[in-house]
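Here's the structure, in structure tokens; my notes come after.
The values are calculated or read from the model by the stated rules, or taken from the named source; none is laboratory data. Remember, predicted model here, so these are calculated numbers, not experimental data. Ideal geometry is used to build each Cβ from the backbone, glycine not excepted, and the neighbour counts take in all protein chains shown.
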Amino acid sequence: MKTIDFKKLGIGILLILIYMFVLPLVLLNFFQFFHLDVSNDIVYMVLNLAIYFVTFFLLLFIYRKSIFKEFKDFFKNFRSYGRISIVYWLQGLVFMILTNTILIFLTGGIAANEEGNRAIIDSSPFFAILAMSILGPFLEEMLFRKGFKDAFSNDKFFLIFSSLLFGAAHLLAAFDPIYFEWTQLLFIIPYAGFGYFFAKAYLQTNNIFTSTFAHMIHNTLSVIVVLFGV
């Protein structure tokens with residue numbers, strides 16, 4: 001039995017490229033065609049929500065055979081699946097806190113992605129709640145976990161690959177060639193580490209909503225901490 005299904009691997013990577021590069025470019029040109037100023041905060045939020053929703057419906061269509069089945073299964077087994085979500089979220093949280101503390105001490109700053117998220121939460125809390133607490137976790141779990149699980153027959157390969165890709169995507173999302181510092185590359189460790197625990201939750205239940213719930217818990221609490229300075 002082959003270890004990697006390259007067709008499924010290719011489809012998973014293609015979906016990520018569409019989400020991160022193709023859709024933003026296409027929709028940006030669409031907005032500019034109608035002379036919409038994306039430097040305006042409201043227009044910029046609408047643009048990003050359009051990217052989220054187009055990706056959302058695209059993924060629902062592609063995984064329609066399994067996604068609704070898993071959704072029903074998650075709520076049917078919410079007590080056990082929810083417990084697994086919380087356990088792996090807590091493990092990921094401890095790992096992220098420890099590694100971030102070390103990296104902040106070494107680099108003198110936080111991850112660029114984290115800095116950008118905090119700015120968005122401060123300036124546009126409603127958008128932040130919708131994007132970071134609801135849409136973002138679902139899309140990321142679908143793209144970085146569900147999109148690759150069946151591509152690997154070896155669970156360890158899946159865990160390593162999906163975690164590193166998840167971490168790299170978070171660095172790339174905040175990449176700015178003008179202000180880039182090589183020390184930012186180190187922050188792939190906490191992001192990939194958290195991705196590893198999300199993937200473990202998915203593997204244990206074979207239900208993408210288990211890892212999605214854990215992801216939502218983390219992002220929602222992160223938004224609350226920034227908004228209220230808890």
Q | Counted residues, the stretch 16-34 - those being in contact (Cβ under 8 Å) with a residue 40 or more places away in the chain and in contact with a Ser or Thr (Cβ under 8 Å, 6 or more places away or on another chain) | A | 2
Q) On the given criteria, is TYR88 in contact (Cβ under 8 Å) with a residue 24 or more places away in the chain, out of contact with any helix residue (DSSP H, G or I) (no Cβ under 6 Å at 6 or more places or on another chain) and hydroxyl-bearing (Ser, Thr, Tyr)? A) no
Q | Set LYS72, LYS76, LYS65: member being at pLDDT below 95 and either surrounded by 14 or more Cβ atoms within 10 Å (Cβ to Cβ) or over 26 Å from LEU185 (Cα atoms) (or both) | A | LYS65
Q) Which ones in the stretch 208-230 are crowded, with 23+ Cβ neighbours inside 10 Å and of a type in the set (S, T, N, Q)? A) THR210, SER211, THR212
Q. Here are some residues: ILE129, ILE188, ILE97, ILE104. Which one is assigned to a helix (DSSP H, G or I), under 23 Å from VAL54 (Cα atoms), β-branched (Val, Ile, Thr) and more than 11 Å from the chain's Cα centre (by Cα)?
A. ILE129
Q) Scanning for something under 27 Å from ILE13 (Cβ atoms) and buried (at least 20 other Cβ atoms within 10 Å of the Cβ), does the stretch 94-109 turn up at least one residue? A) no
Q) Which one is nearest to the chain's Cα centre (by Cα), of the residues in the stretch 132-173 that are small (Gly, Ala, Ser) and outside any helix (DSSP H, G or I)? A) ALA151
Q.
Every residue in the stretch 128-175 that is within 16 Å of PHE209 (Cβ to Cβ) and either in contact with a Pro (Cβ under 8 Å, 6 or more places away or on another chain) or aliphatic (A, V, I, L, M) (or both), please.
A. ILE134, LEU135, LEU139, MET142, LEU143
